[in-house]
Ligand code: ADP
Ligand code: ADP
């Protein structure tokens, strides 16, 4: 699903968190929103998710204007660094959450959860609680939960930010492979240029609420 952002503005008091941002995110791409802290990346992502409301501008997903729609009506999955898990639920119930609120049949939920846990390498962890997982495993569980409802769009806000370098790199590779398999349009927020170069096929650079550049990693940066 192509995501199109046109003329997005968002102010907090006098401060422009988004300053007339227009951006096309191609169907099936893995696009990184890259920029320093405070540049507006999360605000843009949250606006696409429907968690923040723009002051002005239009967001379409696959041509449909979603500007006024609630997050539940946008067909998206999201993973944020600090909201990765429901602590009081097992891994299985975390992953099943979106399916349960959509009232899917029990047999379908069981089969889908098994399938997803296999995809993210957490078969055998069904009855654990998030506190009994490593950081990397928790993030993979969060991705399984986001993917469970077959979203058209996957939004990731620094999903690996709190992890150590080795785990982060493994997860990056893994996310890239997963993305190539399921082909869901993915938007990843990061302040880490190396991460964006490593994983994304498209990079949008934000600075002080403005979109500065957009292109492929090769367009934007010369690589050694
Ligand atoms: P980034 O994700 O690039 O770090 P954000 O989109 O989170 O940037 O924030 C952009 C700017 O907007 C920051 O200066 C931040 O302080 C400000 N901001 C974000 N959310 C709020 C809010 N709810 N109230 C006031 N200011 C906010
Ligand atoms: P990952 O790369 O998925 O983050 P780690 O290398 O951090 O995994 O963890 C390796 C193994 O250690 C995992 O298979 C996991 O079962 C186990 N492990 C890590 N942390 C915990 C924990 N808090 N409780 C139980 N097992 C853990």
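Where a number appears in this text, it was derived from the coordinates with a stated rule and is not lab data. Just so it is clear, the model here is predicted, and its values are computed rather than measured. Ideal geometry is used to build each Cβ from the backbone, glycine not excepted, and the neighbour counts take in all protein chains shown.
Residues 21, 66, 119 in ascending order of nearby Cβ atoms (within 10 Å, fewest first): 119, 66, 21. The convex hull defined by the C-alpha atoms of segment 8-140 has an orientation-averaged projected area of 10.1 nm². Multiplying the residue separation of residue 101 and residue 118 by 0.36 nm and subtracting their alpha-carbon distance yields 3.9 nm. Is the C-alpha gyration tensor of segment 161-224 telling us rounded, prolate or oblate? Criteria: a/c under 1.5 is rounded; beyond that, a/b larger than b/c is prolate, otherwise oblate. Prolate is the answer for segment 161-224, as a/c is 1.5 or above and a/b outweighs b/c. Decide, for segment 1-68, between rounded, prolate and oblate: order the square roots of the alpha carbon gyration tensor eigenvalues as a ≥ b ≥ c, take rounded if a/c falls under 1.5, and otherwise choose prolate if a/b is larger than b/c, else oblate. Since a/c reaches 1.5 but b/c is at least a/b, the shape of segment 1-68 is classed as oblate. Relative to the longest principal axis of the Cα atoms of the chain, the long axis of helix 106-119 lies at roughly 70 degrees.
Cα centroids of segment 146-189 and segment 1-42: 19 Å apart. Ranked by how many other Cβ atoms sit within 10 Å of their own Cβ, fewest first, the residues 53, 212, 222 fall in the order 222, 53, 212. Is it possible to state the helix-based mean residue ellipticity at 222 nm for the chain, with each DSSP H run of 4+ residues giving -39500 (n - 2.57), the sum divided by total residues, to the nearest 500 deg cm²/dmol? What is it? That comes out to -10000 deg cm²/dmol. Summary value for the chain: 30 percent relative contact order, contacts being C-alpha pairs under 8 angstrom separated by 6+ residues. Taking other C-beta atoms within 10 angstrom as a stand-in for reagent exposure, 41, 10, 106 fall in the order 106, 10, 41, fewest first. Antiparallel beta bridges, as assigned by DSSP with both residues in segment 97-224, represent about 50 percent of the total such bridges. The orientation-averaged shadow of the Cα convex hull for segment 70-195, equal to a quarter of the hull surface, comes to 7.7 nm². Considering every Cα-Cα pair within the chain, what fraction, in whole percent, is farther apart than 30 Å? That fraction is 23 percent.
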